[in-house]
1. If the only charges are +1 at each Lys and Arg Cβ and -1 at each Asp and Glu Cβ, what is the size of the charge dipole of the chain around the Cα centre, to the nearest 20 debye?
2. Using only DSSP helix segments of four residues or longer, with each worth -39500 (n - 2.57), what per-residue ellipticity at 222 nm results for the chain after dividing by its residue count and rounding to 500?
3. Treat each spin label as a single point 7 Å out from the Cα along the C-beta direction, and report the residue 39 to residue 72 distance in nm.
Amino acid sequence: MSLIEKKNLNYLTTVEQFFLSLKDSGLSLSSSDYHLIGQWETRGVPVQALCRAIESGYGQVRQQSRTTNFKTSLSRMATLIDQEIEKAGR
């Protein structure tokens, strides 16, 4: 039996694949990243709005990075992503 409920799989998979393709690396996320995705889903953040917020947050982190080969995670960007979600909700 899976630990992930079937109803949550589509939301989780969509966000996971979006972020992995955005950063163009990795095969899966960390457990804390999966937990964050679950929290956003529980809060009722639409998946499209979340992906836009992730893309915006990722762009900000990438601009601030001094290297071309930087690594980040959803957990590291959670504050930026939440700020973007708040902006979109206004």
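1. 180
2. Numbers: 4 runs with 65 residues, N = 90.
Calculated from helices alone, the mean residue ellipticity at 222 nm is -24000 deg cm²/dmol.
3. Distance between the two pseudo-spin positions: 1.7 nm.
Quick note: the coordinates plus some simple rules give every number you see, no bench work behind them. Small disclaimer: the values here were computed from a predicted structure and weren't measured. Cβ atoms come from the backbone with ideal geometry, glycine included; neighbour counts cover every protein chain shown.
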